[in-house]
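Notes follow once the structure below has been shown.
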Amino acid sequence: MFRRLLLVCTSLILASVSLFALTAKEPRADFTYVNPSGIHTLDPARMSWTQDFRVALNIWEGLTTWDPKTLSPIVGAAVFPPDISSDQLVYTFTIHENARWSNGDPVTARDFIRGWRRGMEPGTATDYTFLFTDHIAGAAEYVHWRNETVAILTATPVDRPTFHESVLTSHGGDLDDRFDEVGVKALDVRTLEVRLKRPCPYFLDLTAFPTFLPCHESIELLRERHHGLPITAQGLVVYDPQWTKPDYHRNDYPGLLTNGPFMLADWTFKRRARLRVNPYFRAADQIMCRTIDMLEYDNISASIMAYEAGDVDFLTDMSVPYDHELARLSLSGERPDFHSCVLSATYFLSFNCVSPEVGGRLNPFIDRRVRKAFTLAVDRERIVENVLKRGDAVAHSFVPPGAIPGYVPPGGLRRDVNEARRLLAEAGYAQGAGLGPIELLYVPSDERICQALARMWEEALGVRVELRSQESKTFAEEKAHQRFMIARGNWYADYNDPTTFLDCLGIGNGNNDSGYSNPKYDELLAAASVATDPSIRSELLRKAESILVEEDCPILPILHYSTTVAIKPYVKGLHTNARLWFPFRYVTVGRRDQRGSVLER
Amino acid sequence: MPSTKPSTKAWHITTASVIVLAGLLAASVGTLPLSHRWYNVQELGAAVRHPPSLRPVVPSERFAIGEGPRGLKPAARVAYHAVSWFGHDDLGRSLFYRLLPGFLVSMAIGLAAAAMAVAIGVTWGAAAALAGGRVDFIMMRVVDVLYGLPYILMVILLKVGLTRPLTILLGGHSRGTDLVILLLAIGGVSWLTMARVIRGQVLSLRSQPFVEAARACGAGAFHIFRRHLLPNLVGPIAVYATLVIPQAMLQESFLSYLGIGIQQPTPSLGRLAADGVQAVNTFVGYWWLIVFPCAVLVLTLLALNYIGDALRDAYDPKSKTVGLV
Amino acid sequence: MIAGIIRRIIAGIITVACVYTLTFVMVVSIPGNPFQSGTRNMPPEAEQALRARYNMDNNWVYFGEFLAGAARLDFGPTFTYSEWTCNQIIASALPVSVLIGFLAILVALMIGVPLGVFGAVRRGGWLDAASLALVLLGISLPTFVTGTALLTIFAVFLRILPVGGWGTLAHLPLPVLTLSLPFVAYIARLTRVGMLDVLGSDFIRTALAKGLSPRTVVWKHALKPALLPVLSYLGPAMAQAMTGSFVVEKVFGVPGIGQHFVNAALNRDPGLILSTVLVFAAMLVAFNLLIDLVYAWVDPRISGAV
């Protein structure tokens, strides 16, 4: 009996193992890197995560692209620089003659218009529509018209089908005519003319951004249609979301086509994405890494172990509980393959500036003096040096100093406990009297910073601080609905201009979680947006920011993130930068032995 | 051939288990006034991971003047010196004084889960068995359905869903809320086995002559349950309640490992063990952050499981169920 | 018997439907926006458009649509991973978990059964005490501790196995072994109790009286009836091992389905939550039915139970 049982178990194990072993294994790619949190989406119009941008910008190419060292715009799919009219409102891009899609099709101006249009359509559900509506002439009107009609169509009761149908038909017919009013025109096959609403000194920076990537016409094969109309029953322009798969062939779709240095060869869910050189790319023969594997490790610690074991060549994210040790190894030079860099990103606290009461308690932060007092009481150096020890940069301003050429952010407020106490007393809360417990809302990963902050406030101001940690989705909802007194926040620069930070505290901005509103601030931003002289413009922005961080204090900047990446010494051609943008086309990999040790090429 | 006498070895181990638990309990309760000062406040000036040492290595800025080791009684002096015995974590907090309250928190989670299992499980199981017929069928199908829900998903959904209503209910005291929610989430799924077991027991007891006799005398259902059934159910209830405790503690540690368990700075054995395991790396050996929490956690669970096992052997040596199967 | 099976299948479907409804109610009542990702707040128009597109402005419409889809084995889209449908995710993750879970149960049987038998035969002896200690250690050690320990030893120090991931044979042993430990404990315990029960029965006495060697009696005659409790445990154990390995998956970076139970709930992804719950419940019901059938086949005395 037992022998039989043993025999059955053993044969079952052998059978399943051999079945598993039969699946073919590909050889290791020329270059392997780890993306711990995985790809969220490869749809350039929908993405908002750095790691998605990284893949997208390696397989697509915008009109411009970013220099990996300086992050300033350089030549991309179009001739650089483009023709810019003297009033800086009309940009004319000429696409390279030999710009090709990964099936050999030439890249056209229409491909860019198609991609940009997806970024404006409500059905795409992108976070970045504002990049078009803020800058391109006619885009805001078009998006407004679209949103309105979609709202009408979704609100139309089902029992009025004829009305619904007639709105839908007329709307579908108007679609292209209305889009013609948007300031993007294909003058000929390779010439794209873009008309701006107002001068935008960083527009060539934007055209390198993933939302501005082109889109091959084959996507039209996957458009969802309602009774032959180019839109769905809700009036949305929607494509089959699987269009970004390389092996998707519904309706004779050829699979994902891209125009960048690489193409997506294979993408398995939660395991791996393999990139291969796009053979039609204009400089394809200069690319040394012919295949690139992007692996997904759910567990960052395990990915570091894999790097140490030589299974991986490059790590972009090493945020682990012992990350300060990694930063120390990097900064002390003990591990020359670890590179630390400060990102163009700010970690800050938002004060709730609007709700008089939070959770039934008085919210003292509608008073500017209280906000200022709490700001003055914080010892950022101590947080950065004693608590986190990762080599982050202390932040006194919202915009990271030195990140944006030509802009010097204001000095901000330094720690001054006496002044903080005086302000608090002036607001009527001397020694913290009359203040109930102050609530600090954050996500679990901020535990260390928030505990340190709580202790600083308790010591300096005599207030009691209650820490409230929420998992991220609940946190996001509480924050967006202003159910907090103080909440953590972070912001990453999307493009190289102070407005990428400053805009989000404007009145009515969707990301203004503080609910901050100061018309003077908005006026300064508006004045800056029409200023043509760069130095006047940056002076106006600086004035606006100084209101933010020195007078009104709706936010309390704490630090600019530092991060450590690991690049094996035999990998050349990767440069750290403030936005962690890594173009793989310049990478060369020396020979390595089985364990990944260096053997020169 | 099998003997029915419990072995003396097993008895010794069970005694040892009781002693271990009692010792941990006494130590953590006894040092609570001290550990409270140490467990949740970081030393901003000296936030360093210190390896274990027999003498305190972190400056005692937490102790007011006059409270230093000199002015203390011998027991308190030992307690003071214990600060660095297990080393310090990355915020300079004494691991020793996080482990002891952590033990209390874990035990509280275990006990609360057991209490909920007893309260809901016994009521549900007995009610189903006593009601019989259609009611019994429906009540047991409810248990089946709840069994069919993946445990981890339920805990997360409960935790997320209950956070807001409970925070409002408890007047915004978020620290306490977090713990209560975890108790409810773990306890809310721990009563199912108890309900099944109790139902089975009541069904078999119901047909026993002494219950028949009581019914024949005109005793009401509640009276029969209280006077005749409950005394006979104490055995299985005790056994299963004991086994729920380590299960709940283990589940809390899984949740902590996945980052959805108890929130910092409140310590629990699971939280500390998970933190230690996540700090495993090939660069610097924080062995004390892994070894001590895991050792205390495993010791506690082992002791509880031994006691549960011994209880079951004493109550029903031929029991066909193991743990919470 | 056939009628019994049909009755059980219908009861199972009803259970799964109840599980679905209950989960659905929880999913729609918890806070959090399934469409938002990252730190940016989503424009309200975009969110409204998405809700309309996925029938989510009316919960009951969504309830029905999802159920109708699920009946056709089409679980619809996910919001967290827009390019992947629930079907694709399950098709990619379930086989991984099933393989690991299946192997873990087999390994657990191969270790647990002899351990339990020795414990019963040498009851009270050192072998019994040792097997009990092993068993209790198995249920007392959190899998993230054992997993990390194994990982550190075999992948970091000895370097004979990869650190994590999936794809080659070398990726199998560590997760399987780690996952099997708690099951070893339960199976050993059940075998021991079952064996004790059987060894006290009359037919064993008779066999021994006939002069058969104790070894033959234990391994030839007693084992089969002694394993019946193990058999009934295998149903829930299989379902649990094949879907509930989230901690092991996280430790070893295995792309199984366990992580989706956690991530779907954390991301508030209704489609993925509902489809994983349905898969779990269906597997549980199916395995219980299967085990009962095997049970009836092994032990014809209780065939009426099916």
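The values are calculated or read from the model by the stated rules, or taken from the named source; none is laboratory data. Owing to the predicted nature of the structure, the values given are computational and were not obtained by experimental measurement. We place every Cβ from the backbone using ideal geometry, glycine too, and count neighbours over all the protein chains shown.
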Residue check, C:R72 surrounded by 18 or more Cβ atoms within 10 Å (Cβ to Cβ), among the charged types (D, E, K, R) and over 30 Å from B:M140 (Cβ atoms): no
Selected residue [farther than 30 Å from C:L266 by Cβ and touching a Gly at 6+ places or on another chain (Cβ under 6 Å)] from B:R199, B:R206, B:R215, B:R227: B:R199
Given (1) more than 30 Å from A:R328 (Cβ to Cβ); (2) assigned to a helix (DSSP H, G or I), index of the condition B:W288 fails: (1)
Of residues in the stretch A:394-406 being touching an Asp or Glu at 6+ places or on another chain (Cβ under 8 Å) and not polar (S, T, N, Q), the one modelled with the lowest pLDDT: A:I404
Any chance A:D533 is crowded, with 17+ Cβ neighbours inside 10 Å, modelled with pLDDT under 95 and not β-branched (V, I, T): no
Failed item, numbered, when C:A188 is tested on (1) surrounded by fewer than 24 Cβ atoms within 10 Å (Cβ to Cβ); (2) small (G, A, S); (3) touching a Leu at 6+ places or on another chain (Cβ under 8 Å): (1)
Among the residues listed as A:V143, A:V182, the single one being part of a helix (DSSP H, G or I), of a type in the set (V, I, T) and touching a helix residue (DSSP H, G or I) at 6+ places or on another chain (Cβ under 8 Å): A:V143
Complete set of residues in the stretch B:264-285 that are surrounded by 22 or more Cβ atoms within 10 Å (Cβ to Cβ) and over 20 Å from A:D323 (Cβ atoms): B:P267, B:S268, B:L269, B:G270, B:A273
In the stretch C:235-253, the residues that are within 12 Å of chain A (Cβ to nearest Cβ) and touching a residue at least 60 places away in the same chain (Cβ under 8 Å): C:V247, C:V248, C:E249, C:K250, C:V251, C:F252, C:G253
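Yes or no, residue by residue, for (1) surrounded by fewer than 22 Cβ atoms within 10 Å (Cβ to Cβ); (2) in contact (Cβ under 8 Å) with a residue 60 or more places away in the chain; (3) assigned to a helix (DSSP H, G or I):
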{"site": "B:L179", "(1), (2), (3)": "yes, yes, yes"}
{"site": "B:A185", "(1), (2), (3)": "no, no, yes"}
{"site": "B:R196", "(1), (2), (3)": "yes, yes, yes"}
{"site": "B:S204", "(1), (2), (3)": "yes, no, yes"}
{"site": "B:E212", "(1), (2), (3)": "yes, no, yes"}
{"site": "B:R215", "(1), (2), (3)": "yes, no, yes"}
{"site": "B:G218", "(1), (2), (3)": "yes, no, no"}
{"site": "B:R227", "(1), (2), (3)": "yes, no, yes"}
{"site": "B:G235", "(1), (2), (3)": "yes, yes, yes"}
C:A52 being under 24 Å from A:L236 (Cα atoms) and either of a type outside the set (V, I, T) or assigned to a helix (DSSP H, G or I) (or both): yes
Members of the stretch A:340-376 found to be more than 29 Å from B:T167 (Cα to Cα), within 14 Å of another protein chain (Cβ to nearest Cβ) and not hydrophobic (A, V, I, L, M, F, W, C), listed by number: A:T346
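Of all residues being closer than 30 Å to A:L71 by Cα and among the aliphatic types (A, V, I, L, M) in the stretch A:337-393, which is modelled with the lowest pLDDT? Just the residue, please.
A:L388
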Selection status of C:D57, of a type in the set (D, E) and within 25 Å of the chain's Cα centre (by Cα): no
Test: A:T346 is farther than 30 Å from A:D30 by Cβ and touching a residue at least 40 places away in the same chain (Cβ under 8 Å): yes
Among residues of the stretch A:175-222, those that are among the β-branched types (V, I, T) and within 18 Å of A:L42 (Cβ to Cβ), counted: 2
Selection count, the stretch A:407-437, where residues are outside any loop (DSSP other than H, G, I, E, B) and either in contact with a Cys (Cβ under 6 Å, 6 or more places away or on another chain) or at pLDDT below 90 (or both): 3
Candidates A:N278, A:N259 - the one that is under 23 Å from A:E121 (Cα atoms) and away from chain C (no Cβ under 13 Å): A:N259
Residues being assigned to a helix (DSSP H, G or I) and away from chain C (no Cβ under 14 Å) - total across the stretch A:448-490: 14
Condition check for C:V96: hydrophobic (A, V, I, L, M, F, W, C), surrounded by 15 or more Cβ atoms within 10 Å (Cβ to Cβ) and within 9 Å of another protein chain (Cβ to nearest Cβ): no
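For the stretch B:157-171, does any single residue satisfy the condition of being part of a loop (DSSP other than H, G, I, E, B), away from every other protein chain (no Cβ under 14 Å) and small (G, A, S)? Full working, then the answer.
To start, the set of residues in the stretch B:157-171 that are part of a loop (DSSP other than H, G, I, E, B) comprises B:170-171.
Within this subset, residues satisfying the condition of being away from every other protein chain (no Cβ under 14 Å) are none.
No, there is no match, as no residue in the stretch B:157-171 is part of a loop (DSSP other than H, G, I, E, B), away from every other protein chain (no Cβ under 14 Å) and small (G, A, S).
Considering only residues of the stretch C:11-31 that are of a type in the set (S, T, Y), surrounded by 14 or more Cβ atoms within 10 Å (Cβ to Cβ) and facing chain B (nearest Cβ under 7 Å), which is farthest from C:A286 (Cα to Cα)?
Looking at residues that are of a type in the set (S, T, Y), surrounded by 14 or more Cβ atoms within 10 Å (Cβ to Cβ) and facing chain B (nearest Cβ under 7 Å), I get C:T23.
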Tally of residues being more than 19 Å from B:V155 (Cα to Cα), within 14 Å of chain A (Cβ to nearest Cβ) and of a type in the set (A, V, I, L, M) across the stretch B:224-283: 5
Residue among C:V294, C:V298 that is more than 12 Å from every other protein chain (Cβ to nearest Cβ), at negative phi and surrounded by fewer than 19 Cβ atoms within 10 Å (Cβ to Cβ): C:V294
Sole exception among (1) surrounded by fewer than 21 Cβ atoms within 10 Å (Cβ to Cβ); (2) away from chain C (no Cβ under 14 Å); (3) in contact (Cβ under 8 Å) with a residue 40 or more places away in the chain; (4) closer than 30 Å to A:P321 by Cα for A:G436, by number: (4)
Filter pass, A:A302 being without any contact (Cβ under 8 Å) to a residue 12 or more places away in the chain, within 22 Å of A:D52 (Cβ to Cβ) and within 14 Å of chain C (Cβ to nearest Cβ): yes
